[in-house]
Structure formats: structure tokens, C-alpha cells
1. Answer yes if at least one residue in region A:172-184 is of a type in the set (G, A, S), closer than 25 Å to A:S104 by Cα and within 11 Å of another protein chain (Cβ to nearest Cβ), and no otherwise.
2. In region B:59-73, which residues are more than 20 Å from B:D275 (Cα to Cα) and open to solvent by 20 Å² or more (accessible area, probe 1.4 Å)?
3. Which helices (runs of 4 or more DSSP H) sit wholly inside region B:113-202 and have at least 2 residues that are buried (at least 24 other Cβ atoms within 10 Å of the Cβ)?
4. If you check B:T292 against the conditions, is it open to solvent by 20 Å² or more (accessible area, probe 1.4 Å), hydroxyl-bearing (S, T, Y) and at the interface with another protein chain (Cβ under 9 Å from one of its Cβ atoms)?
5. Return yes or no: is B:V64 under 22 Å from the mean Cα position of the chain (by Cα), of a type in the set (A, V, I, L, M, F, W, C) and in the same structural domain as B:L228 (by TED's automatic domain parsing)?
6. Out of A:A85, A:A14, which single residue is farther than 30 Å from A:T156 by Cα, part of a helix (DSSP H, G or I) and within 14 Å of another protein chain (Cβ to nearest Cβ)?
7. Quick one: is B:S260 under 30 Å from B:T59 (Cα atoms), more than 8 Å from chain A (Cβ to nearest Cβ) and open to solvent by 30 Å² or more (accessible area, probe 1.4 Å)?
8. List pairs: first residue in region A:167-180 and surrounded by fewer than 19 Cβ atoms within 10 Å (Cβ to Cβ), second residue part of a loop (DSSP other than H, G, I, E, B) anywhere in the structure, Cβ distance under 8 angstrom, at least six positions apart or on different chains.
Amino acid sequence: MSKRYLMRRVFNCAALSGSLLCAVFGIFFLFWILKDVFSSGIGAMDMAFFTELPSPPGVAGGGLANAIWGTVLITGMATVIGVPAGILAGTYLSEYGRKKRFASVVRFLCDILVSAPSIVIGIFVYAVLVKPFKGFSAVAGALALAIIMLPVVVRTAEEMLKLVPDATREAALALGAPHWKVTLQVVYRGAFRGIITGVMLAVARISGETAPLLFTSFNNAFWNSNITEPTASLTVTIFNYAMGPYDDWHAKAWGGAFIITFTVLFINILSRLLLRGRTGS
Amino acid sequence: MMRILDRHKRDRFADFLFKGVSSFFALLIIVLMLFLFVVLAIESAPAIKAFGFKFIYSTDWNPVRASFGALPAIYGTIVLSAIAIVIAVPVSIGIAVFLTEMAPKKIRGPVGAAIELLASIPSIIYGMWGLFVFAPFLSAYVEPFLIENFGFLPLFRGTPLGIGMLPAGFILAIMIIPFISSVIRDVFLMVPPMLKESGYGMGATKFEVIWNIVIPFARSGIMGAVILGLGRALGETMAVTFMIGNSHDLSISLLDPATSISATLANEFTEAVDDIYLSGLVELGLILFAITFVVLALSKLMTMRFAPQKGRGKA
């Protein structure tokens with residue numbers, strides 16, 4: 001074995017071990033973070049956490065029930081606004097726009113909007129909803145989250161609708177069904193599971209968002225069901241509590257982090273399982 | 001006969017309606033993008049008028065005296081993203097190589113999924129974990145080491161606080177790794193197998209094939225992935241807000257507290273009572289949005305060529 005050949009082998013081996021280390025690096029941090037969120041958060045889990053209002057700092061007990069409710073409320077409203085709009089825009093791209101110039105511009109902007117800084121969306125909603133109406137509100141928070149989820153839903157809906165073979169559409173059209181009926185009853189049905197998964201992923205993504213809520217839905221220490229009032233959310237509460245000086249606040253923040261992280265993780269893993277073998281990835 | 005004609009008419013109308021509604025929502029995306037720019041521009045107009053270009057190069061950020069210089073925040077955002085990119089890119093390429101060329105088929109899926117799950121953890125969790133777990137770790141072990149051994153560089157001077165530019169950049173790197181590595185992986189998968197096989201046929205080792213064939217072929221796709229990561233890093237807010245220390249003092253040391261555009265917005269926006277203060281913050285947001293827009297558009301243009309050509313109807 002020549003020296004040069006040996007060197008090449010050694011180099012090859014070193015480089016490939018390097019790539020293995022990179023993968024290990026990523027996975028290591030995933031588990032490190034999850035381990036800490038789990039071990040620090042599980043302690044805060046009790047009935048009171050889900051049913052009671054926050055107690056003043058230093059007073060034991062209390063919970064984040066209002067914040068959990070607020071997150072559900074805001075995320076729910078955002079989903080109601082964002083999902084139909086997103087699916088319809090996705091339908092346009094897949095069924096009507098296809099290769100038109102207009103459609104590719106929409107796709108391009110969607111891809112940019114997906115990665116755009118969410119805090120800027122928060123400022124935008126502040127300017128159009130909070131400032132003119134002189135008050136933070138759950139609606140404003142929901143609108144900000146809806147804007148964030150919109151491009152995600154559009155792109156996944158389009159991808160999923162595209163997976164329905166054209167032959168299926170043509171078969172239905174040949175039977176005399178009008179285009180809208182084909183889309184609603186044939187194409188949507190074929191892409192149903194994929195679209196649901198996409199919606200779940202989008203909901204998971206917005207339920208962990210904090211930045212756009214800071215100055216739209218703001219915060220509230222009490223129960224609130226009025227959607228035009230400031231509303232607490234888990235993420236903003238985590239932010240305030242973790243930045244605060246009290247140990248019991250930190251414990252509550254870890255509890256909130258526990259709920260958010262594992263919910264999001266659960267939805268992600270579930271949707272992966274649902275999609276397995278559907279998109280070939 | 002009439003009934004059939006009627007039905008035909010109704011269907012025509014429904015078709016028209018359905019197409020109209022779905023086109024409307026597609027158009028909405030474009031309108032929304034325009035609106036974002038217009039609204040931010042209108043809201044920041046007072047600050048632009050009051051400070052002009054001084055806003056960008058002045059370092060004096062003092063809301064009390066209504067003096068707003070955004071240089072520390074802009075500098076922070078750029079340096080922070082640079083740190084994140086420098087750490088994240090080699091690791092992401094390594095992960096992509098591992099996932100496409102090295103790992104046995106059975107573990108590709110789980111490892112790829114685990115890396116992608118890193119992207120699903122909310123930003124605030126990274127920030128909180130960074131502040132409570134990673135920062136103490138850094139200040140106890142890593143930063144004293146850096147100061148002792150690399151303290152001759154002005155970059156690594158100061159006190160080991162565990163928060164600052166470098167810690168925030170590191171957390172940011174972990175957050176953008178899944179985005180960069182998944183794009184690079186897709187690009188690697190687009191390399192024609194014939195090219196690689198001819199490499200192996202010449203007796204090249206796996207590393208030589210990757211280095212001399214796969215990476216050159218995928219170069220523009222890799223650039224696109226890197227720029228996508230950059231776009232993500234520029235706008236990341238919550239994790240940075242926790243980790244950067246929020247100081248408007250400009251410092252060359254990467255271990256000192258600093259600030260970024262996004263962290264400034266998160267911290268000060270709700271406290272801004274004066275109109276001019278608010279307007280200055282919105283201008284910061286506009287600058288951030290404009291930069292990320294350009295960066296992300298570039299990235300999209302560079303990776304477009306590698307978009308998997310999913311044939312219609314082959315599902």
C-alpha cells in the first residue's frame with residue numbers, strides 16, 4: 001500500500017467521521033434541551049397549574065390557567081382566519097394558476113413571508129389594529145398569527161393538492177362534473193390527509209410564537225374572554241416570568257415551556273407519522 | 001332540456017365564483033406584502049424625517065433625550081448572524097453529507113427527523129434554556145477558557161457572563177442548522193448519480209467524490225441554503241432577546257452584552273410612549289424587514305434551480 005493511498009484513506013475516514021460528529025452535535029442539543037425542559041417543567045405540573053390564576057410573586061401555588069386559555073383562544077382564532085384563506089390561495093396555485101406568471105409571483109412572496117421575521121408582523125398589526133383602536137387585543141394577536149401561518153398553509157395546501165394525479169381530475173371532468181365540483185369533491189378528498197397535516201404543523205408553529213404577540217395581544221393577569229381586551233398567552237407569560245427575578249416565576253415559566261414544547265413536538269411527530277409514505281419523503 | 005341548460009348556467013356561475021374567490025386569496029398574499037412595506041414606511045416617516053441617515057450611523061440610543069442611533073442594533077444583528085452562519089454552515093454540510101452519503105438507509109429517516117425537530121422547538125424555549133442552562137455552563141467553563149487562551153484578541157476580552165454576542169450567536173446557529181441542512185440535503189440528492197458513479201469508477205474515495213463532484217455541482221444550492229439561514233438568523237427574536245444582554249453600547253468583544261434590531265424591538269416596543277420613540281422603533285423594523293426580504297429573495301433565486309421537479313400525476 002503506497003503512502004499516498006494510505007493518506008487518502010485516512011483523510012476519507014476523518015472527513016466521514018466529521019460528518020457523523022455533525023449529526024451527533026445536532027441530536028445532542030435536541031436532547032439536551034428536551035431533557036432540561038422536561039426535568040425543570042414536570043415539577044410545575046399540578047392541578048392548580050391548569051385551573052388557577054397566577055398568584056402574586058412569593059405566594060406559593062397559583063397557575064397559568066388564563067394564559068393557557070388565552071393561547072388556545074388566540075391560536076384558535078388565528079386558525080379560523082388563516083386556514084381557509086390559505087387553502088383557497090393554495091387551491092388557486094394548484095388548480096388555476098399553475099404555471100402562470102402571477103402564480104409564480106405569489107409562490108415567491110409566500111416563500112419569503114414564511115421566513116420573514118415574525119416580530120415585524122407584530123409591528124405591522126400593531127400599526128393597523130392596536131394603534132388606531134387604542135388598545136391591545138386578542139383579535140390583534142390572532143391576526144398577527146394568522147398572517148404568520150398563511151404562507152405556510154398556502155404552500156403545503158398547494159403541494160398536497162398537486163399530488164392528486166391529473167388523470168383523476170380529467171376522469172371527473174369527463175363525467176361532466178363542473179370544475180368547482182371536481183376541486184371540492186375529488187381533489188380535496190384526495191388531498192385531505194395531507195392538508196390536515198399541513199394545518200396541524202402550521203398550528204404547532206404559531207402556538208409557539210412569542211414575538212408577534214408582545215405588542216398585539218400583550219398580557220393580562222386575569223381571565224379574559226373578551227376578544228377586544230388584552231389577553232395573556234403562554235409564550236408571553238413565559239417571557240415575562242423567565243425575565244423576572246422570582247424563583248417561583250421561573251418555575252412557572254418552565255411549566256409553560258414544558259406544555260408548549262411537548263405539545264408542539266407531539267404534533268410534529270404525529271404529522272410525520274400521518275404523512276409517512278404520502279409524499280415519498 | 002331547459003333544466004340541463006339551467007344547471008349548466010349555474011355551474012358556470014359557481015365555477016366563476018370559486019375561481020374568483022381563490023384568486024382573491026392568492027392576490028391577498030401580494031397585497032399583504034405591499035401593505036407590510038407601506039404601513040411600516042408610513043409609521044416610520046416621522047423618524048426618517050427627524051433623523052435622516054444619522055439614524056443608521058449614530059451610536060447614541062437614548063430615548064430620554066429622544067436621540068436615536070441604530071448603529072449598535074444594526075451592528076449587533078449583522079455580527080450575530082455572521083457568528084451563527086460561521087458555526088452553522090460547516091455543521092449543516094456535515095449533516096447533509098451524513099444523511100445523503102453516509103448513514104445506512106435505516107437510520108437516515110430518524111436522524112433526519114431529529115434534526116428537523118430542532119426547527120420545531122419554539123424560539124422562546126431556546127432563549128429560556130439558553131439563559132437558565134447554557135449561559136451558566138458557558139460562564140463557568142467555556143468563556144474563562146476563551147478569555148485565558150484567546151484573550152490577546154480583543155474579540156475575547158471581558159467578563160465571562162455567559163450572555164452576549166457569542167452565546168446568542170451559538171444558540172442562533174443551533175436554531176438555523178435544521179433549515180440549512182435540509183436544503184443542502186435536498187440539493188445533494190439532486191446530484192445525478194451518474195456523476196458520482198464515474199467518480200467512484202475512477203477510484204476516488206467517498207470524501208473525494210463529495211469534495212470534487214457533489215459540492216461543486218451543488219455550489220449555488222449551498223449558497224442559497226446559507227443565505228436562507230442568514231435570513232432566518234437576521235430576524236430571530238426571542239432567543240436573541242434572552243441571550244444577548246440588551247446593551248446599546250458598542251463593543252468589539254464578543255463576550256460583552258450587546259443588542260440586535262429584533263431584541264431592541266422586543267424589549268422596548270411596549271415601553272415606547274413618545275410618538276418619535278415608537279416611530280424610531282418601527283424604522284428599525286422596516287430596516288430589518290427590507291434586509292431580510294432582499295436576503296430571502298436572493299436565497300430563493302439561488303435554490304430555485306434545484307427544486308425537485310415533481311411530475312404531475314405521478315403520485
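The values are calculated or read from the model by the stated rules, or taken from the named source; none is laboratory data. Model, not experiment: these values are computed from the prediction. In this analysis, Cβ positions are derived from the backbone assuming ideal geometry, glycine residues included, and neighbour counts consider all displayed protein chains. SASA here: full protein model, heavy atoms, side chains in, ligands and nucleic acids out. Shrake-Rupley method; radii C 1.70, N 1.55, O 1.52, S 1.80 Å.
1. No: region A:172-184 contains no residue that is of a type in the set (G, A, S), closer than 25 Å to A:S104 by Cα and within 11 Å of another protein chain (Cβ to nearest Cβ).
2. Listed by number, the residues that qualify are B:T59, B:L71.
3. Output list reads B:123-129, B:165-189.
4. The answer is no for B:T292.
5. In short, no.
6. None of the others qualify; the one that does is A:A14.
7. In short, no.
8. Note: pairs meeting the criteria are A:A167/B:G313.
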